[in-house]
Amino acid sequence: MDGTLAYTLNSIAYFSNTALKRCGYRTIPVEKYRNIVGDGADMQVHRMLDLVVGKGAYSEENFEKVRKIYGGLYGAEPTRLLENYKGMPETIRFLKQKGVKTAVLSNKPNSWVIAIIQYLFPKGSFDLCYGQRPNVPRKPSPAGALLIAKELGVDPRDCLYIGDTNTDMKTGAAAGMDTAGALWGFRTRRELEENHAVYLMEKPEDICRLFADGGER
């Protein structure tokens, strides 16, 4: 979701920096969050503290304090400062018109994911929307992706996993799905190439070209 379906960098930076300030730490420039996000909130907060304090220079108590404030702020207002990527709503609408089954898989908490998707996209845009849930390992584990494929009644080999990070490419590949790197997202072309993206897409509309013939790639 982050960096693929929705431009959430300003939102993430706002809540993260607010949490850091409340705990007496310096803030981090928005653009640096491109390489901080992507592996769940716990890892994100660890990376934030690694940057502003130093690896191994903070306690578990320090981490828990920042993490709790960040989660409380984000959970109370998950749609703050969100933006659609240009062309993404039209792309999702095209896929639905073509009968392509669509789903969202994020390492964000499940309730945040649902709130964000409902805010940015019309009802029914996606067949399934899942964030982090109990007993389902986070990406890059393929567990979430495979559960979605099973629930949709499709073979993983018939799925295209689209994302903007190495974590996404690893997740898709581990699930036996083709992968597509979103170059409009938070990470670099090099990162996506090094993690063996099957396709590289410059803009959301490029997704439509893969499905222009009724879903045949």
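Looking only at the range 85-100, decide whether some residue is of a type in the set (Ser, Thr, Tyr), closer than 24 Å to Ile116 by Cα and in contact with a helix residue (DSSP H, G or I) (Cβ under 7 Å, 6 or more places away or on another chain). Walk me through it before giving the result.
First, pick out the residues of the range 85-100 that are of a type in the set (Ser, Thr, Tyr): 85, 91.
Going one step further and asking which of them are closer than 24 Å to Ile116 by Cα, we end up with 85, 91.
Within this subset, residues satisfying the condition of being in contact with a helix residue (DSSP H, G or I) (Cβ under 7 Å, 6 or more places away or on another chain) are 91.
Taking every residue of the range 85-100 in turn, at least one turns out to be of a type in the set (Ser, Thr, Tyr), closer than 24 Å to Ile116 by Cα and in contact with a helix residue (DSSP H, G or I) (Cβ under 7 Å, 6 or more places away or on another chain).
Assuming Gly54 fulfils every condition listed in (1) within 23 Å of Phe186 (Cα to Cα); (2) free of Cβ contacts under 8 Å to residues at least 60 places away in the same chain apart from one, which condition is it?
(1)
Kindly indicate whether any position in the range 68-90 is over 29 Å from His46 (Cβ atoms) and touching an Asp or Glu at 6+ places or on another chain (Cβ under 8 Å). Before the answer, list the steps.
Taking the range 68-90 as the starting set, the residues that turn out to be over 29 Å from His46 (Cβ atoms) are 84, 86-90.
Filter once more, keeping what is touching an Asp or Glu at 6+ places or on another chain (Cβ under 8 Å): 87, 90.
Among the residues of the range 68-90, at least one is over 29 Å from His46 (Cβ atoms) and touching an Asp or Glu at 6+ places or on another chain (Cβ under 8 Å), which makes the answer yes.
Would you check which residues across the range 157-182 are of a type in the set (Gly, Ala, Ser) and either modelled with pLDDT under 95 or surrounded by 24 or more Cβ atoms within 10 Å (Cβ to Cβ) (or both) and list them? Can you show your working first?
So in the range 157-182, the residues of a type in the set (Gly, Ala, Ser) come out as 163, 172-176, 180-182.
Passing the criteria: Gly163, Gly172, Ala175, Ala180, Gly181, Ala182.
In the range 13-28, is there at least one residue being among the β-branched types (Val, Ile, Thr) and under 28 Å from Pro142 (Cα atoms)? Before the answer, list the steps.
Narrowing the range 13-28 to residues among the β-branched types (Val, Ile, Thr): 18, 27-28.
Going one step further and asking which of them are under 28 Å from Pro142 (Cα atoms), we end up with none.
Scanning the range 13-28 turns up no residue that is among the β-branched types (Val, Ile, Thr) and under 28 Å from Pro142 (Cα atoms).
Scan the helices (runs of 4 or more DSSP H) fully inside the range 1-95 and keep the ones with 1 or more residues being at pLDDT 95 or above, of a type outside the set (S, T, N, Q) and farther than 29 Å from Leu192 by Cα.
Working: elements: 9-22, 41-52, 60-76.
Qualifying helices (runs of 4 or more DSSP H): 9-22, 60-76.
Do you know which residues across the range 123-156 are loosely packed, with under 12 Cβ neighbours inside 10 Å and closer than 22 Å to Leu95 by Cα?
Lys123, Gly124, Lys150, Gly153, Asp155
Leu120: touching a strand residue (DSSP E or B) at 6+ places or on another chain (Cβ under 9 Å) and either over 17 Å from Ala13 (Cβ atoms) or basic (Lys, Arg) (or both), yes or no? Full working, then the answer.
Working: touching a strand residue (DSSP E or B) at 6+ places or on another chain (Cβ under 9 Å): yes; either over 17 Å from Ala13 (Cβ atoms) or basic (Lys, Arg) (or both): yes.
So Leu120 passes the test.
Can you find, within the range 76-103, the residue that is surrounded by the most Cβ atoms within 10 Å (Cβ to Cβ) among those that are of a type outside the set (A, V, I, L, M) and closer than 14 Å to Thr8 by Cα?
Taking the range 76-103 and keeping what is of a type outside the set (A, V, I, L, M), we get 77-80, 83-87, 89-91, 93-94, 96-99, 101-102.
Checking which are closer than 14 Å to Thr8 by Cα leaves us with 77-80, 83-86.
Working: Glu77: 13, Pro78: 21, Thr79: 14, Arg80: 14, Glu83: 13, Asn84: 16, Tyr85: 18, Lys86: 12.
Restricting to residues being of a type outside the set (A, V, I, L, M) and closer than 14 Å to Thr8 by Cα, the top hit is Pro78.
Within the group Ala13, Ala57, which residue is over 16 Å from the mean Cα position of the chain (by Cα) and not hydroxyl-bearing (Ser, Thr, Tyr)? Before the answer, list the steps.
Numbers: Ala13 fails: over 16 Å from the mean Cα position of the chain (by Cα).
Unique residue meeting the criteria: Ala57.
Exactly one condition in (1) free of Cβ contacts under 8 Å to residues at least 40 places away in the same chain; (2) touching a Lys or Arg at 6+ places or on another chain (Cβ under 8 Å); (3) aliphatic (A, V, I, L, M) is not met by Met1; state its number.
(1)
Does any residue of the range 134-141 turn out to be in the same structural domain as Ala175 (by TED's automatic domain parsing) and either touching a Phe, Trp or Tyr at 6+ places or on another chain (Cβ under 6 Å) or aromatic (Phe, Trp, Tyr) (or both)?
So in the range 134-141, the residues in the same structural domain as Ala175 (by TED's automatic domain parsing) come out as 134-141.
Okay, now just the ones that are also either touching a Phe, Trp or Tyr at 6+ places or on another chain (Cβ under 6 Å) or aromatic (Phe, Trp, Tyr) (or both), so none.
Within the range 134-141, not a single residue is in the same structural domain as Ala175 (by TED's automatic domain parsing) and either touching a Phe, Trp or Tyr at 6+ places or on another chain (Cβ under 6 Å) or aromatic (Phe, Trp, Tyr) (or both).
The values are calculated or read from the model by the stated rules, or taken from the named source; none is laboratory data. Just so it is clear, the model here is predicted, and its values are computed rather than measured. Neighbour counts are summed over all protein chains in view; Cβ atoms, including those assigned to glycine, are modelled from backbone coordinates with ideal geometry.
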